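Each value in this text was obtained by applying a stated rule to the coordinates, not by laboratory testing. Note that this is a predicted model, so its numbers are computed, not measured. Neighbour counts are summed over all protein chains in view; Cβ atoms, including those assigned to glycine, are modelled from backbone coordinates with ideal geometry.
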Amino acid sequence: MDKPLVRITWNDASDTLEPWVSEEELKKFSSSTALVVSVGYLAHKNRSYITIAGDWQDDCKIWGRVTKIPKKMVVSIEEIPLPKDTPNEDAVP
């Protein structure tokens, strides 16, 4: 798997916790943001979306914990450098 690890900061959609809110609460809610930071492998991107995944299972070639983020909601994308492959002496065989 040759995909970069990325940190994406983005504005998430949100809703109120209560079903009914006052005009004052509505204005306060409308001016707030739900800024989210997501980390994962950059699995796919197209004109509209960026898709990241938290896991990759090499034997079966499958992704896990997949998130699709609309590009218009993205604030920033930063690539996270990965260390070179080194043997892990503590790994369980």
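Numbers below:
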item	result
Calculated [θ] (222 nm, deg cm²/dmol) that DSSP helices of n ≥ 4 give over the chain, each run adding -39,500 (n - 2.57)	-2500 deg cm²/dmol
Cβ-based exposure ranking for Ser30, Ser14, in which fewest neighbours within 10 Å come first	Ser30, Ser14
Entry for Rg and Dmax of the Cα atoms in Å (calculated from the structure that is shown) out of (1) 14.4, 43; (2) 18.3, 60; (3) 27.4, 80	(2)
